[in-house]
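These notes concern the structure reproduced below.
A short reminder: the numbers here are calculations on the coordinates, not readings from a lab. Everything numeric in this text was worked out from a predicted model, so none of it was measured. Neighbour counts are summed over all protein chains in view; Cβ atoms, including those assigned to glycine, are modelled from backbone coordinates with ideal geometry.
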Amino acid sequence: MKVETGKGEISLAALWGIWSVSALTSLPGLAVSPILDKISHIFPSSSQIDVQLLTSLPSLMIIPFVLITGHITEKVGYFKTLACGLWVFMISGVLYLLCTDMWQLIVVSALLGVGAGIIIPLSTSLISRFFIGDYRTQQFGYSSAITNITLVLATALTGYLAEVEWKLPFVVYLFPIFSIVLLPFIRRADSGRVIEEHNRVSVSKGIDYGKLIQYMLYYFIVTYLTVIVSFNLPYLMGEYGFDSGTSGLMISLFFLAIMLPGFFLPSILRFMSGKVERSSLLMIMVGLLVIYLFKSLLSIALGCVVMGVGYGIVQPYLYDRVSSVASSQRVTFALALLMSVNYVAILVSPFVIDNVQEFMHVSSQRFAFGFNVVISILSLIAMLIRRVIIYKNHKEYS
């Protein structure tokens, strides 16, 4: 069976390979979460800093290697770099299962971040490499959906495995074996594809950095606004009297809502007709506001769904737009720059919230959501002002 790409066809096995690489991007750090409460018992001598390193080190390593990968790919070759990332990721999974000391877990966590940092930009640029036009937009939607389905299923799996044996959650880091097996099919499809420049940027120019910076800034803002669901919602719901199982259900609902738009992305983008960024930001703002104002489980669920759908639309949309402002030779680097701000936003969010909360002497968990409501309103106003200025300048030159 063959799959249409917009400039030819690829095998179904090659498409599965592309999807399998996309699925891996949701896994870093996932296996550690269900055993965090057990770490002090498993390793009595471990400190709070050790635990923080275990959770944050993969993300810290991902950021520089996401950026480095764009350059490495241009020098070494696309598929050699991808294969290297997949093997490093999988070897990390094997080493996790062999660890017996806390320092070993920390070192392997750094290695996992290296592998993930190599894979993450390549997983997105794989789609740009093979697909164009509406086919590319649709595949970015599918990729986003697959990533979030994997996140939900893997979270449930690691939680179950942690109850059996504390090391078992690390088996999810062995999943790259599927991508490694399917990599030859992707290579074969790549050797037969038609090389064409379908972007609006000339090859000599490479990247339209003006537009890329705009997309990066917007991606940072929406990621910063929505990551609060993972970091702060459990504490807020605990403050409201809900148990951890209910808060976990709400977070799963949030990720399922992110997943859904991916299946219908081209139709959604046509319906929004050039208002994707404003509409998505408005949805995120409304979701935050609902969670901030109302304490019922139904309102929290509604807020999570609205925020998730808004983010689920704009994330693959941004990948598609950045693919259009870079030449085929520089698209991996452009996507690497875009994706790096996602991890920066995830890292800085808790620190910003904690510091502002401490400065204002506020202890309620509602503050984090109220603060992000203000940020979203200011961002939306800035976008509207910019839109008015562009419209006035256009009229003057017309």
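Quick notes on this one:
- Inter-probe distance in nm under a simple model that places probes 7 Å from Cα toward Cβ, at Q52 and M1: 5.0
- Positive-end extreme of charge dipole, the chain - chosen from G117, G287, Q139 (charges on Cβ): Q139
- Each Cα pair under 8 Å and six or more residues apart adds its sequence gap; the mean of these over the residue count of the chain is a relative contact order of 24 percent.
- Selected from S179, L298, F333, residue furthest toward positive end of dipole (the chain; charges at beta carbon): F333
- If only the Cβ of Lys and Arg carry +1 and only the Cβ of Asp and Glu carry -1, the dipole of region 1-154 around its Cα centre is close to 340 debye.
- Förster radius 35 Å - calculated FRET efficiency between V388 and L249, Cβ distance, rounded to 0.05: 0.25
- A full extension of the chain between F263 and E163 corresponds to an added length of 32.6 nm, given 0.36 nm per residue minus the alpha carbon distance.
- Lys, Arg +1 and Asp, Glu -1 on Cβ, resulting dipole of region 147-305 about Cα centre, debye, nearest 20: 560
- Per-peptide average of other Cβ atoms within 10 Å, ordering 110-119, 247-256 highest first: 110-119, 247-256
- Region 201-398 shape via C-alpha gyration tensor axes, a/c threshold 1.5: prolate
- Farthest positive-ward along the chain dipole, Cα basis, beta-carbon charges - from S22, L249, V229: S22
- Dipole magnitude for the chain: computed about the Cα centre from +1 point charges on Lys and Arg Cβ and -1 point charges on Asp and Glu Cβ, it is near 1300 debye.
- Longest segment of the chain lacking GluC sites (Glu not before Pro) that sit in a DSSP loop with at most 12 other Cβ atoms within 10 Å: 198-398
- Cα→Cβ-extended label distance, 7 Å offset, between R366 and Y235, nm: 1.6
- Relative exposure of M285, M360, judged by other C-beta atoms within 10 Å (fewest first): M360, M285
- Contour minus Cα-Cα distance for F271 and S296 (0.36 nm per residue): 5.8 nm
- Helical segments meeting 24 Å axial Cα length and Kyte-Doolittle 0.5 threshold in the chain (DSSP H): 48-76, 78-98, 102-130, 209-226, 276-293, 297-324, 331-359, 366-397
- Across the cross-link table entries K7/K211; K75/K211; K7/K75; K75/K275; K2/K80; K7/K80, which are compared at the Cα atoms, the separations over 32 Å belong to K75/K275.
- Length gained on full extension, L378 to A13: 126.8 nm, using 0.36 nm per residue less the C-alpha separation.
- Average Cα contact separation per residue, region 201-398, under 8 Å, 6 or more apart, as relative contact order %: 34
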